[in-house]
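As structure tokens, the structure follows; a few thoughts come after it.
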Amino acid sequence: MAVPAPEQAYVRFEGVQKTYDGETLVVKNLNLDIARGEFLTMLGPSGSGKTTSLMMLAGFEATTAGNILIADRSINLIPPHKRGIGMVFQNYALFPHMTIFENLAFPLSVRKFGKSDISEKVRRALDLVELSAFGERRPAQLSGGQQQRVALARALVFEPELVLMDEPLGALDKQLREQMQYEIKHIHERLGVTIVYVTHDQSEALTMSDRIAVFNNGIVQQLSAPNELYERPQTSFVAQFIGENNKLTGILQTVQNNQCVVTLADGTTLRALPVNVGETGAATLLSVRPERVVVNPPKDPGFNAVTARVEELIYLGDHLRLRLSTCGTDQFVLKIPNAEQHPTFQTGTTIEIGWRVGDCHALDA
């Protein structure tokens with residue numbers, strides 16, 4: 001599947017394929033353009049092809065077919081150390097016997113920078129990640145978050161135009177991981193460097209990226225800005241993988257005036273926005289986000305309305321999470337912001353719920 005290209009590509013994958021055994025393609029005909037200065041995230045589950053694509057760009061894996069270009073120059077035959085790419089790994093990959101200053105100086109000395117240039121560039125890189133006072137320490141004397149900042153500084157110290165990051169925050173705890181997401185995002189905004197980032201964490205991708213390429217089975221399922229990806233998923237896989245989602249399966253009855261009618265297995269008839277549907281009579285998946293469902297919906301032709309039974313109520317601080325039986329499933333989820341005034345619910349009670357027709361996306365099942 002080809003994906004939309006920016007007006008001017010800085011990094012380009014042209015028909016790239018990868019197989020390890022000569023039979024199974026782990027990356028299938030990847031066509032992907034990345035703009036200069038863009039923060040693009042490759043997102044997907046394990047085995048989806050995202051990390052392999054990054055490793056081919058870095059030069060640590062060879063392409064089986066196709067071409068990878070940077071600034072219109074093929075890099076297929078260029079070894080990794082000559083591609084001029086900064087790299088940040090999940091395990092930091094710092095030299096334990098070197099000081100932080102020496103770790104940052106290493107990529108500069110390999111590139112034959114003079115001592116004065118090395119000192120100045122290391123100082124600037126440490127300032128950038130707010131570790132200017134830690135130059136004489138060794139990695140083991142730093143916390144995990146500080147080590148990750150050093151790894152980031154080392155990738156940036158020789159001022160590359162392209163930086164690759166492979167699950168760089170995977171080893172950090174939740175609070176520190178979220179903090180580092182914002183720090184990396186702000187560094188990208190300040191420097192304007194091109195970043196290609198790999199993660200399986202969808203909230204991380206939504207937080208940081210200009211665009212996200214969602215991988216599955218070696219194919220890009222959708223390439224979009226974060227809000228577009230969340231609000232308008234184009235496939236059932238993307239709808240399920242990005243954010244929490246209520247999935248209802250039925251048969252497509254009609255499509256007319258940018259609305260479709262779908263009948264579920266229990267006989268419930270719902271209207272939806274036909275995003276990517278087949279022919280009349282085809283199996284169709286309806287996607288509804290839990291936060292778009294309301295209790296006691298208005299009597300409005302723009303709403304679907306159904307009866308539901310409360311199966312479970314969970315208090316999560318900032319919101320209430322209700323698990324409901326409705327539309328032939330007992331796993332339908334409703335989220336309600338925890339404002340001062342909210343309805344009182346009890347397990348076993350029956351309530352009326354609904355959602356806007358435009359918030360219900362019909363996709364080919």
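The values are calculated or read from the model by the stated rules, or taken from the named source; none is laboratory data. From a predicted model like this one, the values you see are computed outputs, not experimental measurements. All Cβ positions, glycine included, derive from the backbone under ideal geometry; neighbour counts span all protein chains shown. Heads up: the accessible areas ignore ligands, DNA and RNA and are worked out on the full protein's heavy atoms, side chains in. Shrake-Rupley method; radii C 1.70, N 1.55, O 1.52, S 1.80 Å.
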#### Entry: Unique residue being at pLDDT below 95 and in a loop (DSSP other than H, G, I, E, B) when the list is G22, G37
G22
### Message
Can you find, within region 129-140, the residue that is nearest to A93 (Cα to Cα) among those that are part of a helix (DSSP H, G or I) and touching a helix residue (DSSP H, G or I) at 6+ places or on another chain (Cβ under 8 Å)?
### Response
P139
### Task
Would you mind listing the strands (runs of 3 or more DSSP E) fully within region 326-365 where at least 3 residues are within 18 Å of P297 (Cβ to Cβ), at pLDDT 90 or above and open to solvent by 30 Å² or more (accessible area, probe 1.4 Å)?
350-356
### Task
Please enumerate the residues belonging to region 204-259 that are out of contact with any Phe, Trp or Tyr (no Cβ under 6 Å at 6 or more places or on another chain), open to solvent by less than 40 Å² (accessible area, probe 1.4 Å) and on the phi > 0 side of the Ramachandran plot.
G218
### Query
Within region 147-161, which residues are out of contact with any helix residue (DSSP H, G or I) (no Cβ under 7 Å at 6 or more places or on another chain) and open to solvent by 20 Å² or more (accessible area, probe 1.4 Å)?
R149, E159, E161
### Task
Go over the candidates A305, A365 one by one and state the one that is closer than 21 Å to Q240 by Cα, in contact (Cβ under 8 Å) with a residue 12 or more places away in the chain and in contact with a strand residue (DSSP E or B) (Cβ under 7 Å, 6 or more places away or on another chain).
A365
### Query
Which residue, of S53, S46, is outside any strand (DSSP E or B), exposed (fewer than 13 other Cβ atoms within 10 Å of the Cβ) and either at negative phi or of a type in the set (A, V, I, L, M) (or both)?
S46
### Query
If you take the residues in region 293-309 that are touching a helix residue (DSSP H, G or I) at 6+ places or on another chain (Cβ under 9 Å) and at pLDDT below 95, which one is surrounded by the fewest Cβ atoms within 10 Å (Cβ to Cβ)?
P301
